[in-house]
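Here's the structure, in structure tokens; my notes come after.
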Amino acid sequence: MEKFDRRYIFLAILLLVLVPLLFPLGLPIRVSHEVQSAYDAVARVPDGSKVYFAADYDPATMPELHPMALAALDQLFSKNCKVIGACLWPACPPLLEDAFRRIGEERYGKKYGVDFVNLGYKPGNEVAIVSVGRSIRATFPTDFYGTPIDSIEVMKGVDSITGLAILVNISAGYPGTKEWVQQVQSRYHIELVAGCTAVSTPEYYPYFQSGQLVGLIGGMAGAAEYEKLVKRPGTASRGMDAQSLGHLALIAFIVLGNVVYFTSKKKTP
Amino acid sequence: MKKEIPLLITAIFGSFMIVDYFVPHPAVSLVGETLQQWAIIVISFSYVLGVANIARINGQKISKRSKDWPFAVPLLIGLAFMLGAGIFGGIGEGTLFNDFFLYAYTPMSGTMFSLLAFFIASAAFRSFRVRTVEAGLLAAAAIIVMLGRVPVGAEIWDKLPAVSDWINNVPQMAAKRAIMIGASLGAISTGLKVILGLERNYLGGE
């Protein structure tokens, strides 16, 4: 086993991920209860409401989280919601900007400052989250471009987060969903929908079951389900075939590794 | 006094933040808000400190020709370049900073993260051994959840997603809740010890 060249494993994974991306298998996507709940919660928001979009991720988790951010924004803009976006991760503002431009401007013809705003990054983790809950204006005196918040139309009449219809958080870890639940949802009782990486999803199941999260979008699979609900198949939907084969390969490696191990163990006197 | 004054500050402000959480009076909120703004400013300075530290450590590495010093060169060049591009050219759409961020940093960062898939596959083959009943249960649960979360799982057996959901919603959640409650009680206990001055490690020194 020790002599086995692991580059064969790398090659197998590469092929199993690459081939379905180039030649999709078209496996059907099943919508889970958690993602359906997220979609329903956003659907319940009155048309034209102001909402808070907390984007807390970075380029490393972009393939998993950006598709769900795009899908969530798609649903919000389709309801003519006014989206106030901000980040607690320093590398996130350009990603949020990209999402706003692609969905808000290009797909729905929305205008920056009128229909959506990118407030940029704020350091402070939990402190910044509590501060947003209390006063968005005090936390973000200017937007991502340095424009004073008072001169931005979409921010008129907005201060505490309690005045907003829903909070959508796309999070790659700390600070993220857990902190938004602890510092804002439990304090101000705003409805909170969360999207997170697949590896961190189990951590948030208790919050979903307790009702502190009204929806939970987990990993690329969750993003693909959300894309299906908003009827805009994107990169997550395309990635599900690759992920399916990748998971099958991992299982095959676990089984094969054990078969080889126990067989060689029996042979050893 | 070197220790007593920080302990007193911690006790006063720590206690006040607890009061602030439970008392929604405007006077309390106003002070709480001010304190939070102070905290954000202090935390912001840690980034300046971080940049200075990276520059100092890597600068020394280069000057002393320490192990792996050539890697420090592109790091410092990248740091200086992005700082300069951001400060002098802005960070909005269409700027040099934004272009480098989107078309250089983003794919490189995504590539590093995606390498995990290859290492996990290799580790699964070489290290995941079902030697005990517990390891067997872990392997079975992992296989069911991995298959249940992707479309191919339902194609293999249509009940697989439901079994995967059950594992996530019942045994996984029970264990997770127990861990969370334990960790929360620990956090409360540590917080109280800090406020009461019983836990002093954060002060540093001996």
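A few notes on this one:
- Database remark: amide H of A:F116 closer than 5 angstrom to the amide H of A:V83, A:K111 (H placed geometrically; neighbours at sequence offset of 5 or more, or on other chains; Pro and chain starts carry no H).
- Taken residue by residue and averaged, Cβ atoms of other chains lying within 10 Å of the Cβ of A:28-41 number 2.
- Chain A: angle of helix A:235-267 to the longest principal axis, Cα-based, in degrees nearest 10: 30 degrees
- Considering the stretch A:116-269 at the alpha-carbon level, its Rg and Dmax are found to be 21.7, 81 Å.
- From helices alone, chain B scores -26000 deg cm²/dmol at 222 nm; the rule is -39500 (n - 2.57) for each run of n ≥ 4 DSSP H residues, then divide by the residue total.
- Max mean-square fluctuation residue, GNM over chain B, Cα-Cα springs under 10 Å, options B:A121, B:A85, B:A178: B:A121
- Anisotropy class of the protein assembly as shown from Cα gyration tensor, a/c 1.5 cut: rounded
- Other-chain or far-sequence residues with amide H under 5 Å of A:D143's (modelled H): A:I149
- Residues A:Y121, A:Y226, A:Y204, B:Y105, ranked from the fewest to the most other C-beta atoms within 10 Å, line up as B:Y105, A:Y121, A:Y204, A:Y226.
- Kirkwood Rh and Cα Rg combined as Rg/Rh, chain A: 1.07
- Calculated from backbone phi, Karplus (6.51, -1.76, 1.60) coupling profile of the stretch A:39-52 in Hz, x at Gly/Pro: 4, 5, 5, 5, 5, 6, 5, x, 4, x, 5, 8, 10, 9
- Over the stretch B:1-89 - Rg/Rh using Cα atoms and the Kirkwood inverse-distance radius: 1.24
- Averaged over the residues of peptide B:34-47, the number of Cβ atoms from other protein chains lying within 10 Å of each residue's Cβ is 4.
- Paired Rg and Dmax values of the stretch B:25-161, which use every Cα atom, in angstrom: 24.6, 63
- Structure remark: mean-square fluctuation, Gaussian network model of chain A, C-alpha springs under 10 Å; the largest value among A:V158, A:V168, A:V184 belongs to A:V158.
- Cα-derived Rg to Rh of the stretch B:128-206, Kirkwood definition: 1.29
- Under a 5 Å amide H cut-off, with hydrogens placed 1.01 Å from N, A:K50 pairs with A:K82, A:A165 among residues at least 5 apart or on other chains.
- Excluding same-chain neighbours fewer than eight residues apart, no lysines are reachable from B:K61 by a Cα-Cα span under 26 Å.
- Take each residue of peptide B:122-134, count the partner chain Cβ atoms within 10 Å of its Cβ, and average: the result is 6.
- The stretch B:97-206: trypsin sites (Lys or Arg not before Pro) in DSSP loop, at most 14 other beta carbons within 10 Å: B:R129, B:R131, B:K159, B:R200
- Out-of-range pairs (alpha-carbon distance over 28 Å; input A:K111/A:K178; A:K178/A:K228; A:K265/B:K176; A:K3/B:K176; A:K178/B:K193): A:K111/A:K178; A:K265/B:K176; A:K3/B:K176
- Each residue in B:E199, A:E191 was given a count of other beta-carbon atoms within 10 angstrom of its own, and listing them fewest first yields B:E199, A:E191.
- Going by neighbour counts of Cβ atoms within 10 Å, the residues B:M1, B:M173 line up, fewest first, as B:M1, B:M173.
- Cysteines having no other Cys beta carbon under 4.7 Å from their own, within chain A: A:C81, A:C196
Readers should treat all values here as calculations from the given coordinates under stated rules, not as data from a laboratory. Computed from a prediction, not measured in an experiment: that's the story for all the values here. Counting neighbours? That spans all protein chains shown, and the Cβs are built from the backbone with ideal geometry, glycine included.
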